[in-house]
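A short write-up of the structure that comes next.
None of the figures in this text is laboratory data; all of them are computed from the coordinates on show. As the structure is a computational prediction, the values presented were derived from the model and not from experiment. Backbone-built Cβ (ideal geometry, glycine too); neighbour counts: all protein chains shown.
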Amino acid sequence: MSKAIIGLVAVAAVAAGAYYYVEQQKTCCAPEPAPVTKEVAMPAVDENAHDGGYNLAEQRAKIARIDMDTDTSFLTDEEKAVINKLIIAANYMSEIYLRQRNEDNPEVRAKIAASDLPNKDLLLNMFDLHFGPWDTLDEAHPFYGTKEMPKGAAFYPEDMSKEEFNSWIAAHPEDKEAFTSLYTVVRRDGDKLVAIPYREHYKEWLEPAAQALREAAEITSNPSLKDFLAKRADSFLSDEYFESEIAWMDLDGTPIEVAIGPYEVYTDGLFGYKAAYEAFITIRNPQESEAVARYKNYLRDMEANLPVDDAYKNFKRGFESPIAATEQIHGGGDNVPGVQTIAFNLPNDERVREAKGAKKVLLNNVLEAKFKLILAPMAEHILVPAQADKLMAKYMALETLFHELSHSLGPGTITKGGVETTVGAELKELYSAIEEGKADVMGVYNILFMMEKGELPKAERDNLLASYFVGIFRAMRFGTDEAHGQGAAFQYAKLKEAEAFTVDAETGLYTLDFDKLEAAVTDIVRAVVMLQGDGDYAAAKKFLDSYSSLDGAAKAAIKRTSDIPVDIQPVYPEKL
Ligand SMILES: [Zn+2]
């Protein structure tokens with residue numbers, strides 16, 4: 001689903017321990033299974049980085065640089081040669097995206113580089129980190145110059161208002177399709193507005209990118225990859241993506257899992273019409289992918305296992321979407337600056353989704369890096385030492401996966417007063433917070449179920465629960481005025497009500513009662529599924545009002561984590 005079509009969901013990798021970046025990623029879920037397009041770890045909202053208090057070095061320190069040395073030794077020479085071509089193509093996506101954010105970006109960077117500013121190196125570093133002179137961790141605060149980031153980025157004339165765009169279309173209805181297309185930019189031509197196709201506007205980079213894809217297609221002996229790469233190269237030059245999206249869904253028998261092209265519309269803050277170029281070059285981890293496939297086979301059992309009456313269970317959904325557990329080995333364009341994606345769900349084209357479903361791709365090494373640099377250090381400030389030691393990266397990854405899977409469980413389409421409707425339509429603006437919190441807690445519930453089934457070791461229950469609990473803080477850290485944070489807050493409040501933890505009066509550290517915590521997880525799942533299944537707006541409002549505010553202990557704990565980075569900057573090799 002394109003964001004143009006629905007809002008996107010920053011998948012609550014939150015519970016999963018991932019945080020969503022509120023400013024850039026809309027957190028929304030479509031009323032149905034809410035295929036989250038992109039889950040990113042969310043950074044904490046910065047409370048004191050606003051004007052006056054803006055500190056460049058401090059802002060830089062919020063993102064921790066990390067060298068990613070992913071094991072690629074199992075790849076054949078042929079596969080490595082293919083990937084090296086893909087890296088070249090991915091870098092062209094970055095060239096385009098840099099200009100999609102701001103057409104003057106190359107000149108702005110050159111100006112900083114040519115200056116004799118005392119903090120020139122830091123400015124260049126920040127520029128490269130955020131793809132422009134605006135801090136994506138601080139509501140696009142300009143850290144060089146004073147120009148505000150245009151809402152419509154460089155997709156539209158900077159001085160064009162929404163009203164001007166809309167009145168142009170009202171007066172020229174024949175232009176509507178081209179103007180609202182995912183794949184055009186809008187420019188002024190004298191006193192007219194015109195739409196220019198991406199294939200023309202970004203030709204300088206699309207042509208060599210297509211060439212690199214063709215060369216990769218020549219090298220690979222995997223027919224499905226060859227087909228996808230050749231078709232995607234054609235798409236770059238035609239702006240027609242349907243055929244190549246279908247070919248992407250059919251990728252099979254290769255460890256190379258690559259998404260490249262114009263996908264998400266978040267960068268277009270004016271209308272959400274325009275797609276940003278990006279690339280994810282990833283390789284499938286064979287063991288993990290196999291494990292993931294196994295869990296997926298339990299989806300029907302998971303639905304049956306929900307702790308509610310059968311009337312609340314939903315067996316009508318398709319359980320077919322493929323899931324790939326991968327390691328990212330290069331990025332490009334939209335996913336490079338700012339907060340890092342830990343999972344994505346593509347394509348957005350509803351026609352492809354209807355024909356083929358969508359593919360969820362988990363970026364496990366990105367997730368592990370966030371665990372190491374963010375979640376594990378947070379645990380020291382939240383749990384008593386004996387329990388902080390129980391955190392495991394494995395359960396942050398599984399919680400992310402099961403959060404995603406849980407979005408496709410529970411009530412979706414419901415009947416109210418004999419009329420068919422959806423949970424989303426009934427719960428309206430409350431839906432996202434409830435759905436994200438549901439996916440978190442149901443994720444844990446389902447991992448516990450997998451332990452019961454012998455798919456995961458029961459002996460690691462406490463490791464799971466400790467990891468889950470700290471993940472809640474990660475989500476709350478960036479504010480409870482956003483869906484994932486609010487979803488986390490109600491889990492915290494319900495756990496408190498169930499006396500699943502105690503807080504040391506002196507240190508503020510939490511001690512979990514794992515048995516009570518496990519029981520509370522079941523109770524929260526039941527409460528939330530019933531709220532959704534009843535589609536009762538008033539009840540949902542009462543629930544969120546009662547359980548959304550943080551207590552002093554939680555606020556103090558969040559404050560103790562303020563020195564921990566909010567996100568990571570993975571650095572990938574330029575060549576295998
Ligand atoms: Zn989610």
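Highest average first, the peptides 108-119, 387-398, 465-476, 231-242 ordered by how many other beta carbon atoms sit within 10 Å of their residues are 465-476, 387-398, 231-242, 108-119. With R₀ set to 35 Å, the beta-carbon distance separating residue 148 from residue 234 gives a calculated FRET efficiency near 0.35.
Counted by Cβ distance under 12 Å from residue 75, the other residues give a net charge of -3, where Lys and Arg count +1 and Asp and Glu count -1.
State whether the chain is rounded, prolate or oblate according to the following rule on the C-alpha gyration tensor (a ≥ b ≥ c being the square roots of its eigenvalues): a/c under 1.5 gives rounded; otherwise a/b larger than b/c gives prolate, and the remaining case gives oblate. Rounded, because the longest to shortest axis ratio a/c is under 1.5. On the basis of the beta-carbon distance and an R0 of 25 Å, residue 67 and residue 294 show a calculated FRET efficiency of 0.20. Ranking 280, 263, 307 by how far each Cα lies toward the positive end of the dipole of the stretch 245-364 (charges on Cβ) leaves 307 at the top.
The value of relative contact order for the stretch 270-394, using C-alpha pairs under 8 Å at least six residues apart, is 27 percent. Summary value for the chain: 22 percent relative contact order, contacts being C-alpha pairs under 8 angstrom separated by 6+ residues.
If contacts are Cα pairs under 8 angstrom and at least 6 residues apart, what is the relative contact order of the stretch 125-253 in percent? Intermediate values should be presented prior to the final figure.
On the way: 125 pairs, mean separation 17.0, N = 129.
Relative CO of the stretch 125-253 lands at 13 percent.
Going through the cross-link list 316/359; 80/231; 313/559, which pairs have a Cα-Cα distance over 28 Å in this structure? Don't skip to the end; give the middle numbers.
Details: 316/359 19 Å; 80/231 21 Å; 313/559 40 Å.
Over 28 Å Cα-Cα: 313/559.
For a straight C-alpha distance cut-off of 15 angstrom, the aspartates and glutamates reachable from residue 542 (same-chain residues fewer than eight places away being disregarded) are 426, 429, 534.
Since only 113, 335, 168 are under comparison, the one whose Cα sits farthest along the positive direction of the charge dipole of the chain, derived from C-beta charges on Lys, Arg, Asp and Glu, is 335. The modelled label-to-label distance for the pair residue 204/residue 164, using points 7 Å beyond Cα in the direction of Cβ, is 2.4 nm. For the stretch 442-576, the square roots of the Cα gyration tensor eigenvalues, ordered a ≥ b ≥ c, give a/c below 1.5, which places it in the rounded category.
For residue 116 and residue 455 in the same chain, what is the full-extension length gain: residue separation times 0.36 nm, less their Cα-Cα distance, in nm? Let's see the in-between values first.
Values: separation 339, 0.36 × 339 = 122.04 nm, distance 6.00 nm.
Going from the current span to full extension adds 116.0 nm.
Mean residue ellipticity at 222 nm, helices only, the chain: -14000 deg cm²/dmol; runs of at least 4 DSSP H residues each add -39,500 (n - 2.57), and the sum is divided by the number of residues.
Charges at C-beta only: +1 for Lys and Arg, -1 for Asp and Glu. How large is the resulting dipole of the stretch 264-381 about its Cα centre, in Debye rounded to 20?
On the way: 15 positive and 17 negative charges, 49 e Å.
That gives the stretch 264-381 a dipole magnitude of about 240 debye.
Which one, 550, 90, 419, is farthest towards the positive end of the dipole of the chain when Lys and Arg carry +1 and Asp and Glu -1 on their Cβ? Looking along the dipole axis, the top candidate is 419.
For 187, 477, what's the fewest-to-most ordering of other Cβ within 10 Å of each Cβ?
Details: 187 17, 477 26.
Listed from fewest to most nearby Cβ atoms, that is 187, 477.
With the simple spin-label model, which puts each label point 7 Å out from Cα in the Cβ direction, the residue 413 to residue 551 separation comes to 4.3 nm. Once both labels are positioned 7 Å from their Cα atoms along Cα-to-Cβ, the gap between residue 125 and residue 188 label points is 3.9 nm.
Roughly how big is the stretch 276-339's charge dipole about its Cα centre, with Cβ charges of +1 (Lys, Arg) and -1 (Asp, Glu), in debye to the nearest 20? If you can, show how the numbers build up before the last one.
On the way: 7 positive and 10 negative charges, 36 e Å.
Using Cβ point charges on Lys, Arg, Asp and Glu, the stretch 276-339 gives about 180 debye.
Can you work out the FRET efficiency for the pair residue 526 and residue 242, with r the C-beta to C-beta distance and R0 = 56 Å, to the nearest 0.05? The partial results should precede the final answer.
Working: r = 42 Å, r/R0 = 0.75.
Given R0 = 56 Å and the Cβ-Cβ separation, E is 0.85.
If you place +1 on the Cβ of every Lys and Arg and -1 on the Cβ of every Asp and Glu, how big does the dipole about the Cα centre of the chain come out, in debye to the nearest 20? Show your work: numbers first, answer last.
Values: 61 positive and 94 negative charges, 92 e Å.
Magnitude of the dipole: close to 440 debye.
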